[in-house]
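First the structure, in the form of structure tokens, and then the observations on it.
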Amino acid sequence: MEARQFRPAAAGDRAAVWALWSACAADERCLWNADYPTEAYLKQDLGNGWLHVLLEDGRLIGAVTLMPPGTVERQGFPFAEAEPIAELTRLCVQPPLWRRGVGGALLALTEAYTASGGARAIHLLCDVRNAPALALFARSGYREVCRASLYGDRFSVREKLLTNVRAL
């Protein structure tokens, strides 16, 4: 059995996270590209303590960014009344591990971590072309509150209330 660890990213994780993001962007199944995400996002995520990593036997296999509310909420989407809120973005796993349950495990750990910190809901944007992610979020209880055009793309705006999530 592999030992998995979910924790806030440290400065020493920077190269491994960048390699993960780059591997995802290089995979033809991924909607990321050379323009997104950038090293500036990585620097911001690390500097603000928003980036979290999933390790398996000490090897980085996934990452996720948990931001405080702001960008998504300012758009005026019809979210439920629940505060505090976390914004989830840049959830990714190593491409060879896609469709093996790692994304679902990373999402569940992210939810438990967020709930243990007091958040009552998670908000996110998911590109409408990203069928695997949309299916993952639907299976995990994220409801679509609307569709939106932002940043030149179409997104499914989603929310999950964390009332039944078991804290870590």
- request: Determine the sum of side-chain charges near LEU88: Lys and Arg each +1, Asp and Glu each -1, restricted to other residues whose C-beta is under 11 angstrom from that of LEU88.
  value: 0
task: Take the Cβ-Cβ distance between THR71 and GLU28 as r, set R0 to 30 Å, and report the resulting FRET efficiency rounded to the nearest 0.05.
output: 0.60
field: Calculated on alpha-carbon atoms, Rg and Dmax of the chain in Å
entry: 15.0, 45
Computed FRET value (nearest 0.05) for GLU144 with ALA11, which takes r as the C-beta separation and R₀ as 41 Å: 0.65
- request: Rounded to whole Hz and in sequence order, give me ³J(HN,Hα) for region 100-113 from the Karplus expression 6.51 cos²θ - 1.76 cosθ + 1.60, θ = phi - 60°, writing x for Gly and Pro.
  value: 10, x, 5, x, x, 5, 4, 5, 5, 5, 4, 5, 5, 4
task: Output ³J(HN,Hα) for region 69-80: one whole-Hz value per residue in order, computed from phi by the Karplus curve 6.51 cos²θ - 1.76 cosθ + 1.60 with θ = phi - 60°, and x for Gly and Pro.
output: x, x, 4, 5, 5, 5, 6, x, 5, x, 7, 5
message: Could you compute the net charge surrounding VAL53? Neighbours are other residues with a C-beta less than 10 Å from the C-beta of VAL53; K and R count +1, D and E count -1.
response: 0
- prompt: Points 7 angstrom from Cα along the Cβ direction at ASN48 and ALA135: gap in nanometres?
  reply: 3.2 nm
- line: With 0.36 nm assigned to each residue of separation and the Cα-Cα distance removed, LEU161 to ASP35 gains 42.2 nm
task: For VAL128, list long-range residues whose amide hydrogen, built 1.01 Å from N in the peptide plane, is under 5 Å from its own amide hydrogen.
output: ARG154, PHE155, SER156
query: If Lys and Arg each add +1 and Asp and Glu each add -1, what is the summed charge of the other residues whose beta carbon sits under 13 Å from the beta carbon of THR71?
result: 0
- request: Counting only heavy atoms of the protein chains, get the accessible area per residue of region 64-146 (1.4 Å probe) and round it to a whole Å² value.
  value: 46 Å²
statement: Per DSSP loop assignment and a cutoff of at most 10 other beta carbons within 10 Å, the chain keeps its longest run without exposed GluC sites (Glu not before Pro) at 82-168
query: How do the peptides 118-131, 7-20 rank, highest first, by the average count of neighbouring beta carbon atoms within 10 Å per residue?
result: 118-131, 7-20
statement: In order over region 31-37: 3J(HN,Hα) from phi, Karplus 6.51/-1.76/1.60, θ = phi - 60°, whole Hz, x for each Gly or Pro, gives 8, 5, 8, 5, 8, 7, x
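The values are calculated or read from the model by the stated rules, or taken from the named source; none is laboratory data. The model shown is predicted, which means the values in this text are computed figures rather than measured ones. All Cβ positions, even for glycine, are placed from backbone atoms using ideal geometry, and neighbour counts span all protein chains on display. Accessible surface areas use protein heavy atoms only, side chains included; no ligands, DNA or RNA. Shrake-Rupley method; radii C 1.70, N 1.55, O 1.52, S 1.80 Å.
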